Amino acid sequence: MTTQIEPTVFDGHNDVLLKLHRAGGLQATESFLSGRDGAIDLPSAQAGGIGGGFFAVYVPSPIDLEFKFEEMTKASYDLPLPDPIDWEDAFPVVMAQAAILFDLEKRGALNVCRSAAQIKTTLADGKLAAIFHIEGAEAIDPDFHTLDVLYQAGLRSIGPVWSRTTIFGHGVPFRFPSDPDIGPGLSDAGLRLIKRCDALKIMVDLSHLNEAGFWDVARHSTKPLVATHSNAHAICPHSRNLTDRQLAAIRESDGMVGLNFAVAFLREDGRMLADVPLEQMLRHLDHLIEHLGEDRVGFGSDYDGAVVPEVLTSCAGLPELRHAMAKHGYNDALMSKLCHQNWLRVLEKTWGD
């Protein structure tokens, strides 16, 4: 099969920093340059035509991943959320993973970009353009001292929660079938966090918030509503996916959704099984385009953080997805929008550059 590596892909979410952290931290960064056993590294990004994306810093919970993945292969499931993580435990993990990101920059693997203009320049230079993103705000104190310092270091995107509860709000559990209307929304501290992020022009990621939290952000934020890695609930009724009503609000705000490659959020049966055809991803893309418009849809792979379709296990397989999109009838202009232009558009609007 003839495949293409153009247009360049800018990806809404990866968890490679967590994987490097677990593999030895700064001692493991060389593997990102030379090749590693995982979904994304420099050689595979070059082979797959990835120009950059959101590099997530995430504090993991002490959960049994084997049990979680086994439960999510069943016809229905409702996994208990992990306990909240205290600031004192989260902060050093965030610092360690951020240090990995900046070490990758020091080694010449990527540029940490603080503006859309920097992303464009980095893409033109053929280097990976990385956004410093935090998934789950456990390391942010209620007075926002750490937020202010991390912003100065380069933080430009944050999710108030990763499913488990924080002092800022509540997320959705891994539950199927289920809608995202589960529990209360943002706390008073969460509302202040949204306003502070707006003031700093830090993008707020809605992907793991429950529906009440989603609407709290919609009411209080002046910025576009963005879900970096979420799918269509109408196709896969998982708690992590977005309802058509939520999609309508994102469209109204001129926001953005990145298609999540995680198979449990793609499959109609919600199972974490990797035998997912690319046609199923195209069904989600078609639905998102129908409800959001061509200018508000992109990719948010969740690489190195999820089970993804077999053909896309490595980001080097992304030419196969581009080929399927072109065969499906997406023209060159739409392909460029979905692959990277829409992310640049919403980042310019959010960051103001």
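Of all the accessible heavy-atom surface of the chain, with the other protein chains kept in place and a 1.4 Å probe, what percent is carbon and sulfur? Each step should come with its number before you reach the end.
Details: 6730 of 13180 Å².
Answer for the chain is 51 percent, counting heavy atoms of protein chains only.
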Dipole magnitude of the chain, debye to nearest 20 (Cβ charges: Lys/Arg +1, Asp/Glu -1, about Cα centre): 780 debye
Theoretical ellipticity at 222 nm over the chain - DSSP helices of four or more residues, -39500 (n - 2.57) apiece, nearest 500: -11500 deg cm²/dmol
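Computed FRET efficiency, Cβ-Cβ of Glu30 and Glu88, R0 30 Å: what is it to the nearest 0.05?
Details: r = 31 Å, r/R0 = 1.02.
It comes out at approximately 0.45.
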Rounded to the nearest 20 debye, dipole of the stretch 220-281 from Cβ charges on Lys, Arg, Asp, Glu: 220 debye
Potential extension, Gln280-Ala248 segment - 0.36 nm per residue separation minus Cα distance: 9.3 nm
Cα→Cβ-extended label distance, 7 Å offset, between His145 and Ser336, nm: 4.8 nm
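Would you kindly state how much longer the chain becomes between Lys68 and Ala99 on full extension, computed as 0.36 nm times their sequence separation minus their alpha carbon distance, in nm to one decimal?
Details: separation 31, 0.36 × 31 = 11.16 nm, distance 2.90 nm.
Gain on stretching Lys68 to Ala99: 8.3 nm.
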Student exercise, the stretch 1-61 dipole from Lys, Arg, Asp, Glu Cβ charges, in Debye to nearest 20: 160 debye
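How many Å² of accessible area per residue for the stretch 160-204, probe 1.4 Å? Walk me through the intermediate numbers first.
Values: 1600 Å² over 45 residues.
Each residue of the stretch 160-204 exposes 35 Å² on average to a 1.4 Å probe.
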The stretch 208-269-the stretch 63-111 distance, computed between alpha-carbon centres (Å): 21 Å
DSSP loop trypsin sites (Lys or Arg not before Pro) with at most 13 other Cβ within 10 Å excluded, longest remaining stretch of the chain: 108-353
Å² per residue, accessible surface of the stretch 207-338 at 1.4 Å: 32 Å²
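The values are calculated or read from the model by the stated rules, or taken from the named source; none is laboratory data. What you are looking at is a predicted structure, and each value in this text was computed from that prediction instead of being measured. So basically every Cβ, Gly included, is an ideal-geometry build from the backbone, and we count neighbours across all protein chains shown. These accessible areas exclude ligands, DNA and RNA; they are computed on the full protein's heavy atoms, side chains included. Shrake-Rupley method; radii C 1.70, N 1.55, O 1.52, S 1.80 Å.
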